[in-house]
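**Student:** Encoded as structure tokens, here's the structure I'll be asking about.
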Amino acid sequence: MIGINTIIYSSSGSSSGVGFAIPAATARRVVNDLMKYGKVNRGIMQLSLIQNTARIASYAGYGISTGMIVSRVAKGSEAEKAGLKGGTKAVQYGRFNTTTIYLGGDVITKINGIAVSKLADYYSALEDKKPGDTVTVTVWREGKYVQLKVVLEAYTDTTSSGKSI
């Protein structure tokens, strides 16, 4: 088995069109959680993240233009206890729908040795991790790489990972 079909997009309503599937490895990994908890039980870091770009890096003076900028870190979270630092300089970002982001914080470049250059990489690196697992997070901070050990937390309706805090 390669995957499990989830939906077929068809403009005619027939069974032909573009099919979307979940890889079998992902299905195997989450089926026990779905049966036990009714949801996937992945470990998260309570952070608000922004994808780093050459433009943002130049403006903020980061020195690197890849990775995920830690905009905010939830107070009292395991990420804060591990020493992850959010930004302190509030700036408006976006052309039409501006939002406030915070620059000057850490830039996540790796999780457990897996390169993180965009949000999808961040989620992929945490995909098979559970609450309570410890990951090694490599961040770019003040011109050098720093490694931190972060205990992952459970997702609840009041927690955030990759969203505004």
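**Student:** Show which lysines lie in cross-link reach of K118 when reach means a straight Cα distance below 30 angstrom and same-chain residues fewer than eight apart are skipped.
**Tutor:** K118 reaches K39, K75, K81, K85, K89, K110, K129, K130, K144, K149, K163.
**Student:** Might you report the magnitude of the Cβ-based charge dipole of the chain about its Cα centre, with Lys and Arg at +1 and Asp and Glu at -1, to the nearest 20 debye?
**Tutor:** Numbers: 20 positive and 11 negative charges, 43 e Å.
Taking the Cα centre of the chain as origin, the dipole is about 200 debye.
**Student:** What percent does the relative contact order of the chain come to when contacts are Cα pairs within less than 8 Å and at least six residues apart?
**Tutor:** 23
**Student:** Give me the angle, in degrees from 0 to 90, between the Cα long axis of helix 24-37 and the longest principal axis of the Cα atoms of the chain, rounded to the nearest 10.
**Tutor:** The answer is roughly 90 degrees.
**Student:** Can you give the longest run of the chain that contains no trypsin sites (Lys or Arg not before Pro) sitting in a DSSP loop with at most 15 other Cβ atoms inside 10 Å?
**Tutor:** Within the chain, the longest run free of exposed trypsin sites (Lys or Arg not before Pro) spans 119-162.
**Student:** Debye sum, Cα scatterers, the range 1-82, no solvent: what log₁₀ I/I(0) at q = 0.11 1/Å?
**Tutor:** The Debye formula, applied to the Cα set alone, gives -0.63.
**Student:** Can you compute the charge dipole magnitude of the range 60-152 about its Cα centre, using +1 on each Lys and Arg Cβ and -1 on each Asp and Glu Cβ, nothing else charged? Give it in debye, rounded to the nearest 20.
**Tutor:** The calculated dipole for the range 60-152 is roughly 240 debye.
**Student:** Which residue, E80, E142, E153, has the most motion in a Gaussian network model of the chain that connects Cα atoms within less than 10 Å?
**Tutor:** E142
**Student:** Eigenvalues of the Cα gyration tensor times 5, then square-rooted: what semi-axes does that give for the chain, in whole angstrom, largest first?
**Tutor:** The answer is 31, 21, 15 Å, longest axis first.
**Student:** For the range 1-95, what relative contact order do you get, as a whole percent, if you take Cα pairs closer than 8 Å and at least 6 residues apart? Show your work: numbers first, answer last.
**Tutor:** Details: 106 pairs, mean separation 16.2, N = 95.
Reported relative contact order: 17 percent.
Here, each number is a calculation from the coordinates, and none is a lab measurement. Fair warning: this is a prediction, and the values are worked out from it, not measured in the lab. Positions of Cβ are backbone-derived with ideal geometry, glycine not excepted, and every protein chain shown enters the neighbour counts.
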